[in-house]
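Before any comments, here is the structure.
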Amino acid sequence: MQSYKTYSIWNNFFKDSDVIIEQDEWNEDYEGMIISCETFNFKSRLAKKTPKKPGYFVAIWKKDGLNKNIPLNENDLGDYLVVNILDDNLEGQFVFPVGVLTKKGIIQSEKSKGKMAFRIYPPWVKDLNKTAIVTQTWQKEYFFDMNEYHFNSK
């Protein structure tokens with residue numbers, strides 16, 4: 001886990017605190033981590049840039065008892081899902097409350113089967129189709145520019 005790009009960001013951000021950073025059992029290719037302390041608990045993922053379409057992609061699944069991939073549910077995430085974007089000089093984080101992901105049908109619930117992955121569109125992504133623009137519009141409320149807020153100490 002120490003080789004994860006996002007591990008050093010979280011480790012620097014939560015330095016000298018009681019926060020525990022653990023490797024998530026699933027989604028190693030997306031640097032899956034669980035970050036927790038007494039007041040919060042969330043999962044972190046690193047999104048991957050997609051080569052043929054604008055934007056990024058992130059996986060958020062787990063394995064069931066039969067070793068089959070299934071979507072995460074509300075109880076799997078804790079308080080938030082943080083999706084990190086590290087793309088050369090373009091760096092940011094989406095901090096999605098679990099309730100929002102449930103409402104959007106991304107997290108499994110009584111009303112939705114959920115998704116095992118979804119697309120991410122930071123504000124700098126342009127030339128999107130109509131569906132992607134709708135997604136980018138609701139996602140931007142949860143986006144933080146890491147360079148602007150100095151989350152990443154290079």
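What follows is calculated from the coordinates using simple rules that are stated; it is not laboratory data. Since the model is a prediction, treat every value here as computed from it, not as a measurement. Here the Cβ positions follow ideal geometry from the backbone for every residue, glycine too, while neighbour counts run over all protein chains shown.
Distances between placed amide hydrogens fall under 5 Å for residue 114 paired with 109, all partners being 5 or more residues away or on another chain.
Between residue 124 and residue 18, the FRET efficiency estimated from the beta carbon spacing at R0 = 41 angstrom works out to 0.75.
So for segment 25-80, taking the charge dipole from beta-carbon charges (+1 Lys/Arg, -1 Asp/Glu), which of 54, 44, 34 sits furthest toward the positive end? So the residue we want is 54.
Per-residue ellipticity at 222 nm computed for the chain from its helices equals -5000 deg cm²/dmol, with DSSP H segments shorter than 4 residues left out and the rest contributing -39,500 (n - 2.57).
Between residue 131 and residue 40, the modelled labels are 3.2 nm apart [label points 7 Å from Cα along Cα→Cβ]. Taken over the chain, the alpha-carbon convex hull comes to 130 cubic angstrom per residue.
When the listed pairs 62/113; 15/48; 62/140; 52/126 are checked against a 19 Å cut-off, the alpha-carbon distance exceeds it for 15/48; 62/140.
Computed from backbone phi with θ = phi - 60° and the Karplus coefficients 6.51, -1.76 and 1.60, the 3J(HN,Hα) list for segment 116-129 is 8, 6, 7, 8, 10, 10, x, x, 6, 7, 10, 6, 9, 6 Hz; x is used for glycine and proline. Here the dipole of the chain is about 920 debye; that uses its Cα centre as origin and unit charges on the Cβ of Lys and Arg (positive) and Asp and Glu (negative). Of the chymotrypsin sites (Phe, Trp or Tyr not before Pro) in segment 74-129, the ones in a loop by DSSP (not H, G, I, E or B) with at most 12 other beta carbons within 10 Å are 124.
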